[in-house]
Amino acid sequence: MDEQLLEGLSEAFAAIDEQGRITAWNSRAGELFGVARDEALGAGLFGLVFTDDAREELYEAFNLYLASARSDILPHRSPTRVRTPQGELALELTIIPLSRPNGASFHVFFHEHELAERAEQRLEAVVEASDDAIITTDRSGRVVSWNQAAHRLYGYAAEEMVGQPLDRIIPGEHTQKTQELLQAALGGAHVERMETERLTKGGDVVPVQMTLRPLFASSSESEPVGLSLIEHDISELKRYEEQVRYLAEHDVLTGLFNRRRFHAELERALADGDPGSVLLADIDAFKLVNDAHGHERGDELLRELSRLLGEQLQDGDVLAHFHGDEFALLVRCEPGEALRRAAGILTAVETRLASALSFELPHRLTCSIGIAHFESAPTDADDLLIAADLALHAAKEHGGGRSVVYDSDLVSGVRQAERLQRALREERLELYAQPILEIASDEITGYELLLRVRDGEEVISAAGFLAAAERLGVVGEIDRWVVERGIELAARGVRVEINLSAHSMTDRALLGLIRSRIDSTGADPADVIFEITETAAIASLTEAQQFARELEAIGCQFALDDFGTGFGSFAYLKHLPVAILKIDGEFIRNLAESRIDRRIVRAIVLVAEALEQQTVAEWVGDQRSLEILRELGVTYAQGYLIGQPVPVEEIAPAPLAS
């Protein structure tokens, strides 16, 4: 090729022979590759300018061509990579084979300009297709380019923004900070994914994540000509984060604060040093609503209760829904006012809550409230909530529909529970047995097992201890201790009645223990009767049903203790597979004098007979009462007349396993 023509080419050009040696080399090739013409001539082109990967591909194509003379094998405007003094460079390559009398030769063209144009076109297409706003500015901060995503995000078309200052989309409170960042970027600093805000054409504020970098005219320039900004709309992310924050601090069902947020508010209130109180409230016998009407109705009740409690709020109060039907109220007032507030809640629940529901209830609604004053309870938030919870349980134990204030008596209950656990560890628990008389035969047919605690030379009843232990959720271990020894007695032919706490009805491990001990001891399961109080059974009716059925499947019997004390006692009998009703002693101790008590006992007997259930009269203390019970058709009698509790060793001389 004519040398003048070669120098007139705007592209880098080289000619090579069949061995790939350079036979021609224009000045543009010398500029691009940094190799002078005299140095290039005779050198191998592939090793001189191409990267390792590109060289391997070209060798393969070149050798295939020499073997087949197929020109389609050679590159034609194909992308490749070359080495230059500035580093590796991507461009396009064309190799044209020529026939010569003295052998083949090849013209090689390096297309920089076309590739750059195409790259620029591709870049523009990518920029326009991007979901992120991509903006460039000059050094003064005026917009040079503005893509479609920027138009969609901020509402301004490109023609409205090009030439305008970027400040147009920056809220006033961010202006100074943004200008500082822009100046820093002109000095070479980069900003990666910083959260900030932008102002739309319509005046809305949009949260964005901004990446900011200096913009150079070419890779050889050291002074930026402007800035490039990539801004990603994070509105959805912020809405999600806000939702997560809301859910972290609020109850989904009621929209009230949850326990976590209430705890934080309580800590702040305690730090202030002002008077205040915590009120914990829940609906009495709430499980009855769920069991009888379904959880949707139960949820409706909780929502209405949250609304009703919300109406009681005053400035500075905090209301939260903890779990189930338990609500917490933080009131900033003196103790006397807190008591009045609690009384108002009790009245509102009893007089207004039921009428707000879309369904009718067969019983009145009441609630229990536990109160812990800042001044008379522990001042740590956790301890204060525990104190209020103890007071709440005490309110329920006293029949519900009332409030109880945390005081030293409740602290005593905690200590009693701790003493009972310590007695268990130190093997100071003892079992006593009280005889049960079959009235028709005048024979002792079984014994109720009663727990005692040995304290030195003294043996004391564990009844008070057990109430505290159940309140604090530590009674399960005590129940298991009694069950093991009771089943061992049954294995010796003694018919036993074993009292269980409400906790045991949900203890799957206890049912497993009962099965395994009956199997291992050979006890007749019919000689093992488990007692649950009527109050506990009604409060957890579904659990009581399941528990009783599983006992029945094992072959044991289920007795309902203290029967007659609960509201609507007869109504719940049909839901429970009860074998024995133990009539509460309140109806027995004045039986000889009270015609009403006699009629109540007779009614219980008639219902029991209709349901094929046996009856036990508790607290039988005199012969006249026993004769009346015989006339009324009661099956069994128990009380001091029949026999006082005695150590189990007196009825089963062989020692029980420790």
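The values are calculated or read from the model by the stated rules, or taken from the named source; none is laboratory data. Predicted model, so just to flag it, every value in this text is computed and none were measured. Ideal geometry is used to build each Cβ from the backbone, glycine not excepted, and the neighbour counts take in all protein chains shown. Only protein heavy atoms, including side chains, enter the accessible area calculation; ligands, DNA and RNA are left aside. Shrake-Rupley method; radii C 1.70, N 1.55, O 1.52, S 1.80 Å.
Given the conditions (1) open to solvent by 50 Å² or more (accessible area, probe 1.4 Å); (2) in contact (Cβ under 8 Å) with a residue 24 or more places away in the chain; (3) not in a helix (DSSP H, G or I), report the number of the one that residue 297 does not fulfil. That leaves (3) as the condition not met. Screening the candidates 91, 98, 66 for the property of being more than 60 Å from the chain's Cα centre (by Cα) and in contact (Cβ under 8 Å) with a residue 12 or more places away in the chain yields one hit, 66.
Quickly run through region 251-284 and pick out the residues that are open to solvent by 20 Å² or more (accessible area, probe 1.4 Å) and more than 23 Å from the chain's Cα centre (by Cα).
Residues satisfying the conditions are 268, 270, 271, 272, 273, 274, 275, 284.
Screening region 541-640 for helices (runs of 4 or more DSSP H) wholly inside it with 3 or more residues that are among the hydrophobic types (A, V, I, L, M, F, W, C) and farther than 20 Å from residue 446 by Cα returns the ranges 541-554, 569-573, 595-610.
Against the condition at positive phi and out of contact with any strand residue (DSSP E or B) (no Cβ under 9 Å at 6 or more places or on another chain), how does residue 612 come out, does it pass? Yes; evaluated as a whole, the condition is true for this residue.
Return only the number of the condition from (1) surrounded by fewer than 20 Cβ atoms within 10 Å (Cβ to Cβ); (2) in contact (Cβ under 8 Å) with a residue 40 or more places away in the chain; (3) more than 18 Å from residue 559 (Cα to Cα) that residue 585 does not satisfy. With respect to (1) surrounded by fewer than 20 Cβ atoms within 10 Å (Cβ to Cβ); (2) in contact (Cβ under 8 Å) with a residue 40 or more places away in the chain; (3) more than 18 Å from residue 559 (Cα to Cα), residue 585 is out only on (3).
Considering the conditions (1) in a helix (DSSP H, G or I); (2) touching a residue at least 60 places away in the same chain (Cβ under 8 Å), residue 529 is excluded by exactly one of them, (1).
When you check residue 213 against the structure, is it touching a strand residue (DSSP E or B) at 6+ places or on another chain (Cβ under 8 Å), basic (Lys, Arg) and without any contact (Cβ under 8 Å) to a residue 60 or more places away in the chain, yes or no?
Yes, satisfied.
Evaluating residue 241 against the criteria (1) more than 30 Å from residue 381 (Cβ to Cβ); (2) of a type in the set (D, E, K, R); (3) open to solvent by 40 Å² or more (accessible area, probe 1.4 Å) leaves one unmet condition, (1). Just one of the listed residues (516, 520, 501) is open to solvent by less than 30 Å² (accessible area, probe 1.4 Å) and either at pLDDT below 90 or out of contact with any His (no Cβ under 6 Å at 6 or more places or on another chain) (or both), namely 501. Is it the case that some residue within region 73-87 is free of Cβ contacts under 8 Å to residues at least 40 places away in the same chain, over 30 Å from residue 222 (Cα atoms) and in a helix (DSSP H, G or I)? Looking through region 73-87, at least one residue is free of Cβ contacts under 8 Å to residues at least 40 places away in the same chain, over 30 Å from residue 222 (Cα atoms) and in a helix (DSSP H, G or I). For residue 227, the criteria (1) in contact with a Pro (Cβ under 7 Å, 6 or more places away or on another chain); (2) farther than 16 Å from residue 135 by Cα hold in every case but one, which is (2). None of 488, 477 is modelled with pLDDT of 80 or more, out of contact with any Gly (no Cβ under 6 Å at 6 or more places or on another chain) and surrounded by 15 or more Cβ atoms within 10 Å (Cβ to Cβ) except 488.
If residue 499 satisfies all but one of (1) in contact (Cβ under 8 Å) with a residue 60 or more places away in the chain; (2) farther than 23 Å from residue 396 by Cβ; (3) not β-branched (Val, Ile, Thr), what's the number of the condition it fails? Here residue 499 meets the rest and fails (2).
Here's the yes/no breakdown for (1) of a type outside the set (Ser, Thr, Tyr); (2) not in a helix (DSSP H, G or I):
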{"residue": "131", "(1), (2)": "yes, yes"}
{"residue": "136", "(1), (2)": "no, yes"}
{"residue": "143", "(1), (2)": "yes, yes"}
{"residue": "149", "(1), (2)": "yes, no"}
{"residue": "160", "(1), (2)": "yes, no"}
{"residue": "179", "(1), (2)": "yes, no"}
{"residue": "182", "(1), (2)": "yes, no"}
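Each residue in region 263-288 was checked for being touching a His at 6+ places or on another chain (Cβ under 9 Å) and of a type outside the set (Ser, Thr, Tyr), and 5 of them qualify.
Right, residue 36: in contact with a helix residue (DSSP H, G or I) (Cβ under 9 Å, 6 or more places away or on another chain) and touching a residue at least 60 places away in the same chain (Cβ under 8 Å) or not?
No; evaluated as a whole, the condition is false for this residue.
Out of all the residues in region 612-645, which are free of Cβ contacts under 8 Å to residues at least 40 places away in the same chain, open to solvent by 10 Å² or more (accessible area, probe 1.4 Å) and farther than 23 Å from residue 534 by Cα? If the condition is that a residue be free of Cβ contacts under 8 Å to residues at least 40 places away in the same chain, open to solvent by 10 Å² or more (accessible area, probe 1.4 Å) and farther than 23 Å from residue 534 by Cα, then 622, 623, 624, 627, 631, 641 are the ones that fit.
Filtering region 184-205 to residues that are over 19 Å from residue 156 (Cβ atoms) and outside any helix (DSSP H, G or I) leaves 187, 188, 189, 190, 191, 192, 193, 194, 195.
Every residue, every condition in (1) loosely packed, with under 12 Cβ neighbours inside 10 Å; (2) closer than 17 Å to residue 94 by Cα; (3) not hydroxyl-bearing (Ser, Thr, Tyr), yes or no:
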| site | (1), (2), (3) |
| --- | --- |
| 4 | yes, no, yes |
| 24 | no, yes, yes |
| 28 | no, yes, yes |
| 34 | no, no, yes |
| 38 | yes, no, yes |
| 43 | no, no, yes |
| 54 | no, yes, yes |
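Here is a list of conditions, (1) closer than 15 Å to residue 137 by Cα; (2) open to solvent by less than 50 Å² (accessible area, probe 1.4 Å); (3) not in a strand (DSSP E or B), and residue 210 meets all of them except one; can you say which number that is? Every listed condition holds for residue 210 apart from (3). Close Cβ contacts (under 8 Å, 6 or more residues apart or on different chains) running from residues in region 319-344 that are closer than 19 Å to residue 302 by Cβ to residues that are among the acidic types (Asp, Glu) and open to solvent by less than 20 Å² (accessible area, probe 1.4 Å) comprise 324/282; 325/282; 326/282; 327/282.
Checked against (1) buried (at least 17 other Cβ atoms within 10 Å of the Cβ); (2) more than 21 Å from residue 260 (Cα to Cα); (3) in contact with a helix residue (DSSP H, G or I) (Cβ under 7 Å, 6 or more places away or on another chain), residue 318 meets all criteria but (2). Scanning region 162-177 for residues that are in contact (Cβ under 8 Å) with a residue 12 or more places away in the chain and of a type in the set (S, T, N, Q) yields a count of 1. Is it true that some residue in region 69-80 is at pLDDT 85 or above and buried (at least 18 other Cβ atoms within 10 Å of the Cβ)? Taking every residue of region 69-80 in turn, at least one turns out to be at pLDDT 85 or above and buried (at least 18 other Cβ atoms within 10 Å of the Cβ). Within the span defined as region 39-57, every residue fails to be of a type in the set (Val, Ile, Thr), part of a helix (DSSP H, G or I), at pLDDT below 90 and under 17 Å from residue 107 (Cα atoms). Within region 321-330, the only residue that satisfies the criterion of being in a loop (DSSP other than H, G, I, E, B) and surrounded by 16 or more Cβ atoms within 10 Å (Cβ to Cβ) is 325.
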